[in-house]
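Undergrad: Following this message is one structure expressed as structure tokens.
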């Protein structure tokens, strides 16, 4: 809280802010997590008092909870949409038997699940890995059919963990190898293809933007915290009614 922002050296005077005299900033917390701030400006110096601060802080706490609930709702909606897309993709892929058509369909459905700039399917063949299919590569003829040792560091990590591997910025990670002269890749995600407990290949997703790909894109939907809270409230109400009936009978 500043009595006169124009007289305070710590106040950043952005363009168009010369009218601000009284100023107050209130943090928005939800479950001990800082999610944002509320800034209040006044043309009158000394306008904001401690009473205003207490009132706005109370409001900010409620607003933070509402914002977090809305964010969780949108996130769950997106996850459910992705889950439905995965279900549709699984049904469509199960009807394809020839590998070229199957590979093409996999890359097409992946674009609907998590947008990418380019993608490829890598199949394990003994002690080697071969690029069996690709989409969006600048020079696909250089990448298609390319073979490299199966002890590639990124593939070894995915085979050991059986989980997706994320590289936020390929320019900063020496483990990343630019196959097929794909120099535009910044963000990268590798996903192991597992059947019968065995890794049979990998899917590589490329993005021209750093830190663009993340695991939640391929995560199944999780129970909504909002719904969990709603169920808890219902349980409490039912318990109260049961206790009330017991008391009435006694």
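The values are calculated or read from the model by the stated rules, or taken from the named source; none is laboratory data. All values reported here derive from a predicted model rather than from experimental measurement. Because the Cβ atoms are built from the backbone with ideal geometry, glycine has one as well, and the counts that use them run over all protein chains shown.
Undergrad: Going by the structure shown, is residue 20 within 30 Å of residue 69 (Cα to Cα) and assigned by TED's automatic domain parsing to the domain that holds residue 65?
TA: Against the criterion (within 30 Å of residue 69 (Cα to Cα) and assigned by TED's automatic domain parsing to the domain that holds residue 65), residue 20 does not qualify.
Undergrad: Among the residues of the range 170-183, what is the count of those that are in contact with a strand residue (DSSP E or B) (Cβ under 7 Å, 6 or more places away or on another chain) and either surrounded by fewer than 17 Cβ atoms within 10 Å (Cβ to Cβ) or assigned to a loop (DSSP other than H, G, I, E, B) (or both)?
TA: So the count comes out to 3.
Undergrad: Let me ask you something else. State which residue pairs qualify: first residue without any contact (Cβ under 8 Å) to a residue 12 or more places away in the chain and inside the range 22-35, second residue surrounded by 13 or more Cβ atoms within 10 Å (Cβ to Cβ) and part of a strand (DSSP E or B) in any location, beta carbons under 8 Å apart, and separation of 6 or more residues or different chains.
TA: 34/27; 34/28
Undergrad: As an exercise: evaluate residue 200 against (1) free of Cβ contacts under 8 Å to residues at least 60 places away in the same chain; (2) surrounded by fewer than 17 Cβ atoms within 10 Å (Cβ to Cβ) and give the number of the one condition it does not meet.
TA: Condition (1) is where residue 200 drops out.
Undergrad: Sort through 115, 140 and tell me the only one that's farther than 17 Å from residue 192 by Cα and out of contact with any strand residue (DSSP E or B) (no Cβ under 7 Å at 6 or more places or on another chain).
TA: Exactly one residue qualifies, and that residue is 115.
Undergrad: Let me ask something else. Checking residue 82 against (1) surrounded by 15 or more Cβ atoms within 10 Å (Cβ to Cβ); (2) at pLDDT 90 or above, only one condition comes out false. Which one?
TA: Among (1) surrounded by 15 or more Cβ atoms within 10 Å (Cβ to Cβ); (2) at pLDDT 90 or above, residue 82 violates only (2).
Undergrad: Ok, one more. For the structure I just gave you, tell me whether residue 58 is in contact with a helix residue (DSSP H, G or I) (Cβ under 7 Å, 6 or more places away or on another chain), at pLDDT below 95 and farther than 17 Å from residue 5 by Cβ.
TA: No, not satisfied.
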